[in-house]
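Structure first, then comments.
The values are calculated or read from the model by the stated rules, or taken from the named source; none is laboratory data. Computed from a predicted model, the values in this text were never measured in an experiment. Note that each Cβ is placed from the backbone with ideal geometry, even for glycine, and that neighbours are counted across all protein chains shown. Each accessible area value is taken on the protein alone, full model and side chains, heavy atoms only, with ligands, DNA and RNA left out. Shrake-Rupley method; radii C 1.70, N 1.55, O 1.52, S 1.80 Å.
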Amino acid sequence: DLSDNKVELSGLKRLGRALRGDRSALRSLNLFNNHLSSKCADQISDILRDNTTLVSLNLGKNQLRSMGCIAKLATAFQRNAYLQQLDLSHNKMGNKGATKLAPVLDPSESLCPLQELNLANNNLTEAGIHELIGAMIEGQNTQLTKLILSNNNLGGNDKAQSRDGEDGSERKEGIRACAIFLQYSHTIQEMILSACNVGDEGVELLCHGIQEEHLSASSLRVLDLGWNCIHDSGAVRLAAMLEANDSLEVLNLASNGIDNAGAEALASCLLPNNRLKELNLAVNQIRDGGAIKLAEAICHVECTLITLKWEDNRRISNLGRGRLEGAFRFREARSCWLGKTLRDIETRRNMPSLKLKLGDDELICICHHLGIHRPKLPFFKLSESMPRTVTNRGIDVLAKTVISQNCIPLKRLYV
(Lines give C-alpha, C1' and ligand atoms only; values in the text may rest on other atoms or scores of the structure.)
Protein backbone atom coordinates (compact mmCIF):
# COMPACT_ATOMS: atom_id res chain seq x y z
CA ASP A 1 0.00 0.00 0.00
CA LEU A 2 1.72 3.17 -1.26
CA SER A 3 -1.34 5.42 -1.16
CA ASP A 4 -0.90 9.09 -0.14
CA ASN A 5 2.87 8.99 -0.54
CA LYS A 6 3.65 11.61 -3.22
CA VAL A 7 5.03 8.96 -5.56
CA GLU A 8 6.19 10.57 -8.83
CA LEU A 9 7.77 9.41 -12.08
CA SER A 10 11.21 8.70 -10.58
CA GLY A 11 9.77 6.57 -7.80
CA LEU A 12 7.56 4.71 -10.25
CA LYS A 13 10.59 3.82 -12.37
CA ARG A 14 12.33 2.20 -9.39
CA LEU A 15 9.13 0.40 -8.47
CA GLY A 16 8.78 -0.87 -12.03
CA ARG A 17 12.25 -2.42 -12.00
CA ALA A 18 11.40 -4.30 -8.81
CA LEU A 19 8.16 -5.68 -10.24
CA ARG A 20 9.46 -6.92 -13.58
CA GLY A 21 9.49 -10.57 -14.53
CA ASP A 22 9.22 -13.35 -11.98
CA ARG A 23 11.23 -11.55 -9.29
CA SER A 24 8.11 -10.27 -7.51
CA ALA A 25 5.20 -12.18 -6.02
CA LEU A 26 3.21 -8.98 -5.35
CA ARG A 27 -0.50 -9.39 -6.04
CA SER A 28 -1.88 -5.97 -5.02
CA LEU A 29 -0.49 -2.47 -5.62
CA ASN A 30 -2.20 0.64 -4.22
CA LEU A 31 -1.01 3.97 -5.65
CA PHE A 32 -4.12 5.96 -4.74
CA ASN A 33 -3.65 9.73 -4.29
CA ASN A 34 -0.09 10.19 -5.46
CA HIS A 35 1.52 12.52 -8.01
CA LEU A 36 1.27 10.24 -11.03
CA SER A 37 0.81 12.38 -14.11
CA SER A 38 0.21 11.45 -17.73
CA LYS A 39 4.00 11.14 -18.13
CA CYS A 40 3.82 7.99 -15.99
CA ALA A 41 1.76 6.05 -18.55
CA ASP A 42 4.83 4.36 -20.09
CA GLN A 43 6.11 3.18 -16.70
CA ILE A 44 2.71 1.80 -15.68
CA SER A 45 2.42 0.07 -19.06
CA ASP A 46 5.86 -1.54 -18.57
CA ILE A 47 4.81 -2.86 -15.16
CA LEU A 48 1.64 -4.38 -16.60
CA ARG A 49 3.57 -5.84 -19.57
CA ASP A 50 6.32 -7.51 -17.56
CA ASN A 51 4.52 -8.53 -14.33
CA THR A 52 2.51 -11.75 -14.15
CA THR A 53 1.41 -11.74 -10.50
CA LEU A 54 -0.43 -8.43 -10.05
CA VAL A 55 -4.23 -8.93 -9.82
CA SER A 56 -5.24 -5.65 -8.12
CA LEU A 57 -4.11 -2.16 -9.15
CA ASN A 58 -5.33 1.13 -7.65
CA LEU A 59 -4.46 4.26 -9.65
CA GLY A 60 -7.25 6.41 -8.23
CA LYS A 61 -6.92 10.13 -7.52
CA ASN A 62 -3.92 10.87 -9.69
CA GLN A 63 -3.62 12.97 -12.85
CA LEU A 64 -3.98 10.24 -15.44
CA ARG A 65 -6.36 12.13 -17.69
CA SER A 66 -4.79 13.02 -21.05
CA MET A 67 -6.07 11.05 -24.03
CA GLY A 68 -2.58 9.82 -24.91
CA CYS A 69 -2.10 8.54 -21.36
CA ILE A 70 -5.47 6.76 -21.26
CA ALA A 71 -4.84 5.20 -24.67
CA LYS A 72 -1.48 3.78 -23.55
CA LEU A 73 -2.94 2.46 -20.31
CA ALA A 74 -5.91 0.90 -22.12
CA THR A 75 -3.56 -0.93 -24.50
CA ALA A 76 -1.55 -2.22 -21.54
CA PHE A 77 -4.72 -3.37 -19.76
CA GLN A 78 -5.93 -5.15 -22.91
CA ARG A 79 -2.69 -7.13 -23.18
CA ASN A 80 -2.55 -8.08 -19.49
CA ALA A 81 -4.12 -11.47 -18.76
CA TYR A 82 -3.91 -11.30 -14.97
CA LEU A 83 -5.44 -8.03 -13.69
CA GLN A 84 -8.81 -8.56 -11.96
CA GLN A 85 -9.38 -5.36 -9.94
CA LEU A 86 -8.77 -1.88 -11.35
CA ASP A 87 -9.40 1.49 -9.68
CA LEU A 88 -9.21 4.57 -11.90
CA SER A 89 -11.48 6.77 -9.79
CA HIS A 90 -10.98 10.53 -9.35
CA ASN A 91 -8.91 10.94 -12.51
CA LYS A 92 -11.34 13.21 -14.42
CA MET A 93 -10.82 11.28 -17.65
CA GLY A 94 -14.19 12.35 -19.10
CA ASN A 95 -16.16 10.72 -21.90
CA LYS A 96 -13.21 10.64 -24.30
CA GLY A 97 -11.20 8.71 -21.74
CA ALA A 98 -14.08 6.26 -21.29
CA THR A 99 -14.13 5.71 -25.06
CA LYS A 100 -10.43 4.83 -25.00
CA LEU A 101 -10.98 2.49 -22.05
CA ALA A 102 -14.07 0.71 -23.42
CA PRO A 103 -12.23 -1.99 -25.46
CA VAL A 104 -10.67 -3.27 -22.22
CA LEU A 105 -14.18 -4.47 -21.25
CA ASP A 106 -14.80 -6.26 -24.55
CA PRO A 107 -13.53 -9.86 -24.25
CA SER A 108 -13.28 -10.12 -28.03
CA GLU A 109 -10.66 -7.35 -28.02
CA SER A 110 -9.04 -7.79 -24.60
CA LEU A 111 -7.20 -10.45 -22.62
CA CYS A 112 -7.85 -8.63 -19.34
CA PRO A 113 -10.07 -10.68 -16.95
CA LEU A 114 -11.37 -7.64 -15.02
CA GLN A 115 -13.88 -8.50 -12.30
CA GLU A 116 -14.06 -5.13 -10.51
CA LEU A 117 -13.81 -1.67 -12.08
CA ASN A 118 -14.00 1.67 -10.25
CA LEU A 119 -14.62 4.74 -12.41
CA ALA A 120 -16.11 6.98 -9.73
CA ASN A 121 -15.73 10.75 -10.06
CA ASN A 122 -14.44 10.85 -13.62
CA ASN A 123 -16.71 13.49 -15.22
CA LEU A 124 -18.58 10.81 -17.16
CA THR A 125 -21.99 11.47 -18.70
CA GLU A 126 -24.32 9.40 -20.87
CA ALA A 127 -21.93 9.42 -23.85
CA GLY A 128 -19.07 7.82 -21.92
CA ILE A 129 -21.33 5.30 -20.21
CA HIS A 130 -22.77 4.29 -23.58
CA GLU A 131 -19.28 3.43 -24.81
CA LEU A 132 -18.43 1.36 -21.72
CA ILE A 133 -21.75 -0.49 -21.51
CA GLY A 134 -21.86 -1.01 -25.28
CA ALA A 135 -18.45 -2.69 -25.24
CA MET A 136 -19.53 -5.08 -22.47
CA ILE A 137 -22.82 -6.00 -24.15
CA GLU A 138 -21.36 -6.41 -27.65
CA GLY A 139 -18.48 -8.47 -26.31
CA GLN A 140 -20.77 -10.49 -24.05
CA ASN A 141 -18.69 -9.73 -20.98
CA THR A 142 -19.28 -12.44 -18.36
CA GLN A 143 -16.34 -11.54 -16.11
CA LEU A 144 -17.22 -8.19 -14.52
CA THR A 145 -18.97 -8.59 -11.15
CA LYS A 146 -18.61 -5.07 -9.67
CA LEU A 147 -18.97 -1.70 -11.39
CA ILE A 148 -18.57 1.60 -9.49
CA LEU A 149 -19.79 4.73 -11.28
CA SER A 150 -20.43 7.03 -8.31
CA ASN A 151 -20.26 10.81 -8.65
CA ASN A 152 -20.75 10.87 -12.41
CA ASN A 153 -23.65 12.74 -13.98
CA LEU A 154 -25.57 9.95 -15.67
CA GLY A 155 -28.85 11.88 -15.78
CA GLY A 156 -32.33 10.63 -15.03
CA ASN A 157 -33.49 13.37 -12.64
CA ASP A 158 -36.44 15.17 -14.20
CA LYS A 159 -35.50 18.39 -12.37
CA ALA A 160 -31.99 18.52 -13.75
CA GLN A 161 -31.23 21.11 -16.41
CA SER A 162 -28.70 20.68 -19.14
CA ARG A 163 -26.37 23.52 -19.98
CA ASP A 164 -28.42 24.57 -22.97
CA GLY A 165 -31.67 24.60 -20.97
CA GLU A 166 -33.14 21.28 -22.14
CA ASP A 167 -35.35 19.42 -19.72
CA GLY A 168 -33.55 16.77 -17.65
CA SER A 169 -35.99 14.05 -18.70
CA GLU A 170 -34.15 13.96 -22.03
CA ARG A 171 -30.83 13.30 -20.27
CA LYS A 172 -31.39 9.88 -18.72
CA GLU A 173 -29.59 7.89 -21.39
CA GLY A 174 -26.71 7.03 -19.05
CA ILE A 175 -29.12 5.39 -16.59
CA ARG A 176 -30.90 3.69 -19.48
CA ALA A 177 -27.57 2.19 -20.56
CA CYS A 178 -26.97 0.87 -17.03
CA ALA A 179 -30.48 -0.60 -17.02
CA ILE A 180 -29.84 -2.38 -20.32
CA PHE A 181 -26.60 -3.76 -18.90
CA LEU A 182 -28.49 -5.10 -15.87
CA GLN A 183 -31.01 -6.61 -18.26
CA TYR A 184 -28.44 -8.58 -20.23
CA SER A 185 -25.67 -9.29 -17.69
CA HIS A 186 -25.92 -12.53 -15.75
CA THR A 187 -22.72 -11.96 -13.78
CA ILE A 188 -22.83 -8.39 -12.41
CA GLN A 189 -23.25 -8.57 -8.63
CA GLU A 190 -22.62 -5.00 -7.45
CA MET A 191 -23.72 -1.79 -9.15
CA ILE A 192 -22.67 1.40 -7.33
CA LEU A 193 -24.52 4.46 -8.66
CA SER A 194 -24.44 6.84 -5.69
CA ALA A 195 -24.59 10.56 -6.57
CA CYS A 196 -25.27 9.87 -10.25
CA ASN A 197 -28.33 12.10 -10.65
CA VAL A 198 -30.61 9.08 -11.04
CA GLY A 199 -33.92 10.51 -9.80
CA ASP A 200 -37.31 8.80 -9.82
CA GLU A 201 -37.35 8.35 -13.61
CA GLY A 202 -33.95 6.69 -13.49
CA VAL A 203 -35.22 4.33 -10.78
CA GLU A 204 -38.05 3.29 -13.11
CA LEU A 205 -35.51 2.42 -15.81
CA LEU A 206 -33.26 0.45 -13.45
CA CYS A 207 -36.17 -1.51 -11.99
CA HIS A 208 -37.36 -2.38 -15.48
CA GLY A 209 -33.89 -3.68 -16.33
CA ILE A 210 -33.74 -5.81 -13.18
CA GLN A 211 -37.26 -7.18 -13.66
CA GLU A 212 -37.05 -8.26 -17.30
CA GLU A 213 -38.54 -11.74 -17.71
CA HIS A 214 -35.47 -13.33 -19.24
CA LEU A 215 -33.53 -12.21 -16.15
CA SER A 216 -35.40 -14.53 -13.78
CA ALA A 217 -31.99 -15.61 -12.50
CA SER A 218 -30.64 -12.10 -11.83
CA SER A 219 -27.15 -11.96 -10.35
CA LEU A 220 -27.35 -8.46 -8.81
CA ARG A 221 -26.65 -8.56 -5.05
CA VAL A 222 -25.82 -4.91 -4.19
CA LEU A 223 -27.44 -1.75 -5.56
CA ASP A 224 -26.26 1.64 -4.26
CA LEU A 225 -28.55 4.57 -5.07
CA GLY A 226 -27.56 6.97 -2.31
CA TRP A 227 -27.55 10.76 -2.95
CA ASN A 228 -29.75 10.54 -6.04
CA CYS A 229 -32.82 12.79 -5.45
CA ILE A 230 -35.11 9.78 -5.12
CA HIS A 231 -38.51 10.50 -3.58
CA ASP A 232 -41.60 8.51 -2.66
CA SER A 233 -42.50 7.50 -6.22
CA GLY A 234 -39.03 6.04 -6.75
CA ALA A 235 -39.16 4.19 -3.42
CA VAL A 236 -42.60 2.79 -4.29
CA ARG A 237 -41.23 1.50 -7.61
CA LEU A 238 -38.25 -0.10 -5.88
CA ALA A 239 -40.59 -1.77 -3.39
CA ALA A 240 -42.63 -3.28 -6.23
CA MET A 241 -39.43 -4.60 -7.79
CA LEU A 242 -38.25 -6.07 -4.48
CA GLU A 243 -41.47 -8.02 -3.97
CA ALA A 244 -40.60 -10.21 -6.95
CA ASN A 245 -36.79 -10.09 -6.69
CA ASP A 246 -34.86 -13.01 -5.23
CA SER A 247 -31.26 -11.83 -5.64
CA LEU A 248 -30.77 -8.33 -4.17
CA GLU A 249 -29.26 -8.44 -0.66
CA VAL A 250 -28.13 -4.83 -0.06
CA LEU A 251 -30.01 -1.67 -1.11
CA ASN A 252 -28.64 1.79 -0.25
CA LEU A 253 -31.12 4.66 -0.45
CA ALA A 254 -29.38 7.00 2.00
CA SER A 255 -29.48 10.79 1.56
CA ASN A 256 -32.52 10.97 -0.69
CA GLY A 257 -35.95 12.58 -0.22
CA ILE A 258 -38.03 9.55 0.81
CA ASP A 259 -41.04 10.34 3.03
CA ASN A 260 -43.70 8.20 4.72
CA ALA A 261 -45.30 6.82 1.55
CA GLY A 262 -41.97 5.48 0.29
CA ALA A 263 -41.02 4.07 3.69
CA GLU A 264 -44.38 2.34 4.05
CA ALA A 265 -44.06 0.79 0.59
CA LEU A 266 -40.57 -0.51 1.41
CA ALA A 267 -41.87 -1.88 4.72
CA SER A 268 -44.64 -3.77 2.93
CA CYS A 269 -42.16 -5.49 0.59
CA LEU A 270 -40.00 -6.84 3.43
CA LEU A 271 -42.36 -9.76 4.07
CA PRO A 272 -42.74 -11.19 0.53
CA ASN A 273 -39.02 -10.58 -0.08
CA ASN A 274 -36.91 -13.17 1.74
CA ARG A 275 -33.54 -12.17 0.28
CA LEU A 276 -32.85 -8.53 1.29
CA LYS A 277 -30.47 -8.36 4.28
CA GLU A 278 -29.53 -4.66 4.48
CA LEU A 279 -31.59 -1.54 3.75
CA ASN A 280 -30.10 1.93 4.22
CA LEU A 281 -32.68 4.70 4.65
CA ALA A 282 -30.49 7.11 6.63
CA VAL A 283 -30.80 10.87 6.02
CA ASN A 284 -34.23 10.93 4.38
CA GLN A 285 -37.55 12.63 5.25
CA ILE A 286 -39.26 9.69 6.97
CA ARG A 287 -41.69 10.51 9.80
CA ASP A 288 -43.31 8.46 12.55
CA GLY A 289 -45.87 6.78 10.30
CA GLY A 290 -43.18 5.30 8.06
CA ALA A 291 -40.97 4.42 11.03
CA ILE A 292 -43.80 2.51 12.72
CA LYS A 293 -44.58 0.54 9.54
CA LEU A 294 -40.91 -0.40 9.23
CA ALA A 295 -40.83 -1.46 12.89
CA GLU A 296 -43.91 -3.64 12.44
CA ALA A 297 -42.36 -5.34 9.41
CA ILE A 298 -39.09 -5.97 11.26
CA CYS A 299 -40.98 -7.66 14.10
CA HIS A 300 -42.73 -10.06 11.74
CA VAL A 301 -41.40 -13.60 11.82
CA GLU A 302 -41.20 -13.74 7.99
CA CYS A 303 -38.95 -10.67 7.74
CA THR A 304 -35.35 -11.66 6.94
CA LEU A 305 -33.86 -8.13 7.02
CA ILE A 306 -30.81 -8.01 9.30
CA THR A 307 -29.73 -4.36 9.10
CA LEU A 308 -31.88 -1.25 8.74
CA LYS A 309 -30.06 2.09 8.82
CA TRP A 310 -32.42 4.96 9.64
CA GLU A 311 -30.18 7.53 11.38
CA ASP A 312 -30.63 11.27 10.78
CA ASN A 313 -34.25 11.10 9.69
CA ARG A 314 -34.88 14.21 11.75
CA ARG A 315 -38.65 14.16 11.29
CA ILE A 316 -38.93 10.93 13.30
CA SER A 317 -39.98 11.76 16.86
CA ASN A 318 -39.22 9.85 20.05
CA LEU A 319 -42.28 7.69 19.34
CA GLY A 320 -40.95 6.49 15.99
CA ARG A 321 -37.39 6.08 17.27
CA GLY A 322 -38.64 4.07 20.23
CA ARG A 323 -40.62 1.75 17.98
CA LEU A 324 -37.64 1.12 15.67
CA GLU A 325 -35.23 0.55 18.55
CA GLY A 326 -37.75 -1.72 20.25
CA ALA A 327 -38.23 -3.70 17.05
CA PHE A 328 -34.54 -4.54 16.83
CA ARG A 329 -34.38 -5.41 20.53
CA PHE A 330 -37.27 -7.72 19.83
CA ARG A 331 -35.45 -9.31 16.89
CA GLU A 332 -32.37 -9.86 19.05
CA ALA A 333 -34.45 -11.26 21.89
CA ARG A 334 -36.30 -13.61 19.55
CA SER A 335 -33.01 -15.25 18.63
CA CYS A 336 -32.15 -15.94 22.30
CA TRP A 337 -34.33 -15.76 25.44
CA LEU A 338 -37.59 -14.84 23.69
CA GLY A 339 -37.26 -17.73 21.27
CA LYS A 340 -36.79 -20.14 24.19
CA THR A 341 -39.82 -18.67 25.98
CA LEU A 342 -42.00 -19.05 22.88
CA ARG A 343 -40.88 -22.65 22.46
CA ASP A 344 -41.71 -23.31 26.12
CA ILE A 345 -45.19 -21.88 25.63
CA GLU A 346 -45.67 -24.09 22.56
CA THR A 347 -44.46 -27.34 24.17
CA ARG A 348 -45.22 -27.09 27.90
CA ARG A 349 -48.79 -27.48 29.11
CA ASN A 350 -47.83 -26.39 32.62
CA MET A 351 -45.71 -23.29 33.30
CA PRO A 352 -45.36 -22.40 37.00
CA SER A 353 -44.40 -18.76 36.29
CA LEU A 354 -43.24 -16.28 33.66
CA LYS A 355 -40.88 -13.48 34.77
CA LEU A 356 -39.48 -11.33 31.99
CA LYS A 357 -37.53 -8.17 31.19
CA LEU A 358 -39.24 -7.04 28.03
CA GLY A 359 -40.72 -4.29 25.94
CA ASP A 360 -43.96 -3.87 24.02
CA ASP A 361 -43.02 -6.00 21.03
CA GLU A 362 -41.84 -8.92 23.17
CA LEU A 363 -44.95 -8.71 25.37
CA ILE A 364 -47.29 -8.62 22.35
CA CYS A 365 -45.58 -11.66 20.81
CA ILE A 366 -45.82 -13.60 24.11
CA CYS A 367 -49.47 -12.66 24.57
CA HIS A 368 -50.41 -13.92 21.12
CA HIS A 369 -48.55 -17.17 21.82
CA LEU A 370 -50.34 -17.59 25.15
CA GLY A 371 -53.68 -17.04 23.43
CA ILE A 372 -52.94 -19.70 20.82
CA HIS A 373 -51.34 -22.44 22.94
CA ARG A 374 -53.11 -21.79 26.31
CA PRO A 375 -50.65 -23.31 28.83
CA LYS A 376 -51.44 -23.31 32.55
CA LEU A 377 -49.70 -20.20 33.87
CA PRO A 378 -50.72 -19.08 37.37
CA PHE A 379 -47.99 -16.40 37.81
CA PHE A 380 -46.96 -13.67 35.31
CA LYS A 381 -44.58 -10.83 36.25
CA LEU A 382 -43.20 -7.97 34.16
CA SER A 383 -39.76 -7.04 35.50
CA GLU A 384 -39.51 -4.12 37.91
CA SER A 385 -35.98 -3.33 36.70
CA MET A 386 -37.20 -1.94 33.35
CA PRO A 387 -40.51 -0.26 34.22
CA ARG A 388 -40.64 2.06 31.20
CA THR A 389 -40.11 -0.48 28.44
CA VAL A 390 -43.76 -1.59 28.46
CA THR A 391 -46.31 1.07 27.44
CA ASN A 392 -50.06 1.16 26.91
CA ARG A 393 -49.57 -0.53 23.54
CA GLY A 394 -48.30 -3.73 25.12
CA ILE A 395 -50.69 -3.62 28.09
CA ASP A 396 -53.65 -3.19 25.74
CA VAL A 397 -52.77 -6.44 23.93
CA LEU A 398 -52.22 -8.20 27.26
CA ALA A 399 -55.68 -7.11 28.45
CA LYS A 400 -57.47 -8.09 25.23
CA THR A 401 -55.77 -11.35 24.25
CA VAL A 402 -55.01 -12.86 27.66
CA ILE A 403 -57.06 -11.39 30.48
CA SER A 404 -60.45 -10.58 28.94
CA GLN A 405 -60.56 -13.86 27.00
CA ASN A 406 -59.46 -15.80 30.11
CA CYS A 407 -57.34 -18.00 27.86
CA ILE A 408 -55.00 -19.08 30.67
CA PRO A 409 -55.78 -19.77 34.38
CA LEU A 410 -53.87 -16.71 35.58
CA LYS A 411 -54.05 -16.08 39.34
CA ARG A 412 -51.44 -13.39 39.82
CA LEU A 413 -50.29 -10.63 37.48
CA TYR A 414 -47.57 -8.15 38.48
CA VAL A 415 -47.16 -5.08 36.28
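So here's what we get for this one:
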| quantity | calculated |
| --- | --- |
| Separation in nanometres of the label points that stand 7 Å from Cα toward Cβ, at R17 and Q63 | 2.5 |
| Charge context of V397, other residues only, Cβ under 12 angstrom, K/R +1, D/E -1 | -2 |
| Once exposed loop GluC sites (Glu not before Pro) are cut out (DSSP; at most 12 other Cβ, 10 Å), longest piece of the chain | 1-165 |
| Potential extension, Q115-N5 segment - 0.36 nm per residue separation minus Cα distance | 36.9 nm |
| Links that overshoot a 30 Å alpha carbon limit, given the list K309/K340; K96/K172; K39/K172; K92/K172; K39/K96; K146/K309 | K39/K172 |
| Phi-based couplings in Hz for segment 269-275 (Karplus 6.51, -1.76, 1.60; Gly and Pro marked x) | 7, 6, 7, x, 8, 10, 10 |
| Whole-angstrom gap from segment 104-130 to segment 320-369, using each part's C-alpha centre | 51 |
| Evaluated over the chain, the Cα radius of gyration and Dmax, each in Å | 27.4, 86 |
| Theoretical gain in end-to-end length, K39 to H208 [0.36 nm per residue, Cα-Cα removed] | 56.5 nm |
| Gyration tensor (alpha-carbon) shape descriptor, segment 1-120, a/c threshold 1.5 | oblate |
| Accessible surface of segment 1-67 [probe 1.4 Å, protein heavy atoms]: carbon and sulfur percent | 47 |
| Globularity ratio of segment 198-274, using Cα Rg and 2.2 N^0.38 Å | 1.01 |
| Using alpha carbons only: equivalent-ellipsoid semi-axes of segment 319-415, gyration tensor based, whole Å | 21, 15, 12 |
| From the C-alpha gyration tensor of segment 285-339, square roots of 5λ in Å | 21, 10, 9 |
| Zero-based 10 Å bins, Cα pair distances in segment 205-329, whole percents | 14, 49, 30, 6, 0 |
